[in-house]
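A short write-up of the structure that comes next.
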Amino acid sequence: MLSETYRLLHSAFGPQHWWPASSPFEVLVGAILTQQAAWTNVEMAINNLKEYGELAPELILSLQPDTLRDAVRPSGYFNQKAKRLVHVVKEIEQKGGLERFLDRPTMVVRKELLAIKGIGKETADSILLYAGKHPVFVVDAYTFRMLGRLDPIRFWEIAARRDYDAVQALFTDAVKELAHEGEKNGDAVEVSREYHALIVELGKRNCRKRIPLCGSCPLREICQFS
DNA sequence: GTCCTGTCGA
DNA sequence: TCGACTGGAC
């Protein structure tokens, strides 16, 4: 089911080459700024930050609080996000810097990320998958929505409950299948990166919240909602 | 369940 | 003019 969904999305939308960032640290910053915000707004915020220099831990920690707040303003929740950024960057610098922090067993890093205020499961998994190369699946609002519509009998409950772990387990199995289909899909990291990006694309193009566009949806043949 | 917030498109 | 946006903390 979810393997077929991947094939349909991939052949309709093509490779997404995510995350749109030029360094692991930029992924970290973007992962925090994109919480409940449109990516176009996050790009504005990141460009603002780059006005002050190379996007690096030292830059975040050297900016005055109100300067930082104004820079991230376009991404919304700017008071929270400015503080969140500083706190997260401090924590990770204390642990030896992002690269070294990430270069350890997946579940060890994940547990430490979740212990940092401002990082929940989705943000932690985004950082693991796109800043590091850890094979974890990122579940977001688009994923819950797609599942709840695709097969309400099976998925409505966990989607309505926003059961992150249950949904992640479903996709982890699908990713495992896809990664074992020879060379064509790539390994678990590649498939997970691509799959999440494709679901986001689906959420924006077709599986929209209020007015879904089912007529042109790549999943229309297997979706109960259409 | 509620708060936090700017930007864009229907 | 309003809903939606790759959530998380309390």
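The values are calculated or read from the model by the stated rules, or taken from the named source; none is laboratory data. Because the structure is a prediction, the values reported are computed rather than measured. Here the Cβ is made from the backbone with ideal geometry for all residues, glycine too, and neighbour counts use every protein chain on show. Just so you know, the surface numbers come from the protein's heavy atoms only, side chains and all, with ligands and any DNA or RNA stripped out. Shrake-Rupley method; radii C 1.70, N 1.55, O 1.52, S 1.80 Å.
Points to keep in mind about this one:
- Among the listed pairs A:K95/A:K133; A:K50/A:K133; A:K117/A:K204; A:K117/A:K176; A:K133/A:K176; A:K121/A:K184, those beyond 20 Å (Cα-Cα): A:K50/A:K133; A:K117/A:K204; A:K117/A:K176; A:K121/A:K184
- Hydrodynamic radius by Kirkwood, which averages 1/r over all alpha carbon pairs of chain A, in angstrom: 18.4
- Accessible area per residue for chain A, computed on protein heavy atoms with a 1.4 Å probe, is 52 Å².
- Under 14 Å from the A:S23 label point (7 Å along Cα→beta-carbon), backbone N, segment A:49-87: A:49-62
- Summed side-chain charge close to A:G148 - residues other than A:G148 whose Cβ falls under 12 Å, Lys, Arg +1, Asp, Glu -1: +3
- Where only C-alpha atoms are counted, convex hull volume of segment A:126-171 per residue in Å³: 66
- Segment A:108-149: C-alpha pair distances exceeding 13 Å, %: 55
- Considering only Cα atoms, the convex hull volume of segment A:24-131 works out to 85 Å³ per residue.
- Relative to the longest principal axis of the Cα atoms of chain A, the long axis of helix A:164-179 makes an angle of roughly 70 degrees.
- Segment A:86-114-segment A:7-82 distance, computed between alpha-carbon centres (Å): 18
- Helix content alone sets the calculated 222 nm mean residue ellipticity of chain A: runs of n ≥ 4 DSSP H residues at -39500 (n - 2.57) each, divided across all residues, give -18500 deg cm²/dmol.
- Computed FRET value (nearest 0.05) for A:K111 with A:K90, which takes r as the C-beta separation and R₀ as 25 Å: 0.85
- Crossing angle, helix A:39-50 versus chain A [Cα axis fit, 0-90 degrees, rounded to tens]: 20
- Radius of gyration and maximum dimension Dmax of segment A:78-208, Cα, Å: 16.0, 47
- Listed peptides A:45-51, A:184-190 by packing density, highest first (mean Cβ within 10 Å): A:45-51, A:184-190
- Electrostatic dipole magnitude of segment A:87-224 [Cβ: Lys, Arg +1; Asp, Glu -1; Cα centre; debye, to 20]: 640
- Chain A, accessible surface, carbon-and-sulfur percent (1.4 angstrom probe): 51
- Accessible area of A:T40 (1.4 Å probe, protein heavy atoms only, ligands and nucleic acids ignored): about 90 Å².
- In segment A:53-184, taking the dipole from charged Cβ atoms about the Cα centre, the farthest positive-side position among A:S62, A:A179, A:G97 is held by A:S62.
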